[in-house]
1. Applying the selection to segment 108-139, what residues are in a loop (DSSP other than H, G, I, E, B), under 12 Å from residue 53 (Cα atoms) and free of Cβ contacts under 8 Å to residues at least 24 places away in the same chain?
2. What are the residues in segment 68-107 that are of a type in the set (D, E, K, R), in contact (Cβ under 8 Å) with a residue 12 or more places away in the chain and surrounded by fewer than 16 Cβ atoms within 10 Å (Cβ to Cβ), if any?
3. Of the residues 48, 95, 40, 104, which single one is outside any helix (DSSP H, G or I) and within 13 Å of the chain's Cα centre (by Cα)?
4. Can you work out which of the residues in segment 1-55 that are open to solvent by less than 10 Å² (accessible area, probe 1.4 Å) and among the aromatic types (Phe, Trp, Tyr) is nearest to residue 71 (Cα to Cα)?
5. Please specify each residue of segment 48-57 satisfying the condition of being touching a helix residue (DSSP H, G or I) at 6+ places or on another chain (Cβ under 6 Å) and without any contact (Cβ under 8 Å) to a residue 60 or more places away in the chain.
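The values are calculated or read from the model by the stated rules, or taken from the named source; none is laboratory data. Please read all numbers here as calculations on a predicted model, not as lab measurements. Cβ placement follows ideal geometry from the backbone for every residue including glycine, while neighbour counts extend to all protein chains displayed. What goes into the accessible areas is simple: the full protein's heavy atoms, side chains included, and nothing from ligands, DNA or RNA. Shrake-Rupley method; radii C 1.70, N 1.55, O 1.52, S 1.80 Å.
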Amino acid sequence: MTKKEAIELLKHHSFTHDNHSHSKSEKGFLGMLRPFKGELIESNFHELMNVLKTLKGQFEQECIDRELISKFWSICQLSKSWGIERNGMLRSNNLISKKQVETLSDWVDCISYTIMNLLEGVSEKVAFEHYNYNFTDKK
């Protein structure tokens with residue numbers, strides 16, 4: 001994946017792409033939650049982690065692109081407020097199962113933990129260790 005492709009995907013997953021009606025936006029990470037159709041799409045999570053791997057060098061810069069951070073922050077914050085928090089629209093309306101809440105929470109924690117590590121400048125191996133150990137076959 002190229003840097004340009006990664007940024008395009010990130011825009012779709014954060015629902016900030018100009019083409020909101022594009023299927024990748026509608027079914028992307030935030031798109032799958034609103035409106036929620038009862039399914040968490042696991043490939044969205046893995047795709048976001050691949051975006052992070054592609055853009056990892058951006059987090060090492062002295063001046064980090066504000067839009068890059070904003071898109072990831074939106075994904076994490078809105079996922080929490082919509083799908084994880086007790087009073088969020090999905091839980092308060094009984095649209096998401098307890099298991100799905102746990103899964104979504106695990107994904108958001110992994111994304112934010114990886115970003116924290118990248119911002120701290122650790123190696124790629126350490127930054128993605130939690131993801132590789134818990135969410136891939138590389139155990």
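1. Taking segment 108-139 and keeping what is in a loop (DSSP other than H, G, I, E, B), we get 121-123, 128, 136-139.
From what is left, the residues that are under 12 Å from residue 53 (Cα atoms) are 123, 128.
Listed by number, the list holds a single entry, 123.
2. Matches in segment 68-107: 106 only.
3. Values: 48 fails: outside any helix (DSSP H, G or I); 95 fails: within 13 Å of the chain's Cα centre (by Cα); 104 fails: outside any helix (DSSP H, G or I).
When all the criteria are applied, what remains is 40.
4. Residue satisfying both the conditions and the ranking: 29.
5. The answer is 51, 54, 55.
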